[in-house]
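Report on the following structure.
The values are calculated or read from the model by the stated rules, or taken from the named source; none is laboratory data. For clarity, every value in this text was computed on a predicted model and none was experimentally measured. When we count neighbours, we look across all protein chains shown, and the Cβ atoms used for this are built from the backbone with ideal geometry, even at glycine.
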Amino acid sequence: MSRQRLDRRALFASGAAAALLAATGLSAGALPKRGGKLRLALSGASRSDDWTKGDGLFMQVAKVGLIYETLMEVAADGTLRGELATDWTSSSDARVWTFDLRKGVAFHDGMPFTARDVAQSLAALGDIDTVTPDQIRITLHTPDSALPFRLATPAHIIRPAHAPEAGIGTGLYHITHFAPGQQLLAERVRGHWKDGQAGWFDRVELVSIPSASVRAQAVAEYLVDGADVADASALMGLGDIAVWDGQAVSRSVAMPLALGRGVFDDLRAPQRWWGA
């Protein structure tokens with residue numbers, strides 16, 4: 001008798017997927033276009049941040065919004081899809097998972113992405129076998145039917161096995177300048193596999209501003225295009241600034257959805273937004 005397997009269609013029917021699919025509809029923004037620079041003022045940065053530690057908002061956006069990719073991605077419309085994985089299945093008890101990996105992907109230094117990089121990056125999850133250079137099998141310590149959703153988070157970014165601490169990823173943007181706790185400058189990667197799908201800005205700047213009121217003021221004075229804000233009172237009445245769910249964004253920036261699902265669209269705003 002064949003064993004029941006959990007595939008992508010089964011996951012979409014799960015309770016977790018149903019909650020994600022309850023997102024709101026499309027915005028009335030113009031179609032995406034390439035070019036320009038996105039500037040975000042963020043909290044949570046520290047002078048001790050590096051590419052192996054630091055889990056404040058600043059570094060989370062830097063990791064999954066810019067530099068790295070994950071096996072899975074929760075898309076702007078709330079659906080689960082593969083990023084560095086193209087297909088995935090599970091045993092009936094959700095303990096053994098097999099992922100087919102995207103072919104032809106390279107890290108920012110030109111080295112090819114393979115199953116070895118995934119095995120090293122996700123080693124803490126359980127026992128990982130590299131079935132082929134393009135397929136891995138993860139045997140979890142405990143069953144987890146929500147594993148694909150967890151694999152879309154900053155905790156599970158894929159680093160190069162040859163340089164795990166270097167800030168080198170397969171993401172849409174590569175680092176041009178990084179001052180821990182202060183600033184990150186990044187430029188769009190040429191010839192990325194997501195061309196035509198995401199990564200609309202040519203350049204992105206993340207700046208650390210610890211004070212919530214100063215971040216809000218920076219948006220009000222058009223010094224940045226967006227910021228996480230705890231108190232939006234200083235922005236009330238400014239019709240060219242949108243405020244929702246702890247974030248303030250200039251209407252000069254367009255986005256695919258008005259989800260209000262989390263700060264900066266699940267941390268991936270730099271790759272999903274574009275200049276209006």
Exercise for the section: Inspect all residues belonging to segment 41-61 and state whether any of them is touching a residue at least 12 places away in the same chain (Cβ under 8 Å), closer than 30 Å to GLY246 by Cβ, touching a Gly at 6+ places or on another chain (Cβ under 6 Å) and of a type in the set (A, V, I, L, M). Expected result: yes
Practice task
Might you check whether a residue that is assigned to a strand (DSSP E or B), touching a strand residue (DSSP E or B) at 6+ places or on another chain (Cβ under 8 Å), among the charged types (D, E, K, R) and more than 24 Å from GLY104 (Cβ to Cβ) occurs anywhere in segment 213-225?
Solution key: no
Completion exercise
If we keep only residues of segment 127-150 that are surrounded by 13 or more Cβ atoms within 10 Å (Cβ to Cβ), in contact (Cβ under 8 Å) with a residue 40 or more places away in the chain and in a loop (DSSP other than H, G, I, E, B), then the residue farthest from the chain's Cα centre (by Cα) is PRO143
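Here are THR153, THR170, THR70, THR89: which of them is more than 25 Å from LEU38 (Cα to Cα) and not hydrophobic (A, V, I, L, M, F, W, C)?
Working: THR153 fails: more than 25 Å from LEU38 (Cα to Cα); THR170 fails: more than 25 Å from LEU38 (Cα to Cα); THR70 fails: more than 25 Å from LEU38 (Cα to Cα).
Exactly one of THR153, THR170, THR70, THR89 is more than 25 Å from LEU38 (Cα to Cα) and not hydrophobic (A, V, I, L, M, F, W, C), namely THR89.
Filter segment 68-82 for residues that are under 9 Å from the mean Cα position of the chain (by Cα) and among the β-branched types (Val, Ile, Thr); which is modelled with the highest pLDDT? It would help to see each step written out before you state the result.
Start the filter on segment 68-82 by keeping residues that are under 9 Å from the mean Cα position of the chain (by Cα), which leaves 68-70, 73-74.
The next check asks that each one be among the β-branched types (Val, Ile, Thr); those that pass are 70, 74.
On the way: THR70: 98, VAL74: 89.
Restricting to residues being under 9 Å from the mean Cα position of the chain (by Cα) and among the β-branched types (Val, Ile, Thr), the top hit is THR70.
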Problem - Residue that is surrounded by the fewest Cβ atoms within 10 Å (Cβ to Cβ) [pool: residues in segment 189-247 that are closer than 20 Å to ALA76 by Cβ and of a type in the set (Phe, Trp, Tyr)] - result: TRP244
Exercise for the section: Show the residue pairs that are 6+ apart or on different chains and have beta-carbon atoms under 8 Å apart, the first residue being within segment 177-191 and under 13 Å from ASP50 (Cβ atoms), the second being exposed (fewer than 14 other Cβ atoms within 10 Å of the Cβ) and among the polar types (S, T, N, Q). Expected result: PRO180/SER48; GLY181/SER48
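Among the aliphatic types (A, V, I, L, M) and surrounded by fewer than 15 Cβ atoms within 10 Å (Cβ to Cβ) - does that describe any residue in segment 168-181?
Of the residues in segment 168-181, the ones among the aliphatic types (A, V, I, L, M) are 168, 172, 175, 179.
Then drop every residue that is not surrounded by fewer than 15 Cβ atoms within 10 Å (Cβ to Cβ), which leaves 179.
The answer is yes; a qualifying residue exists.
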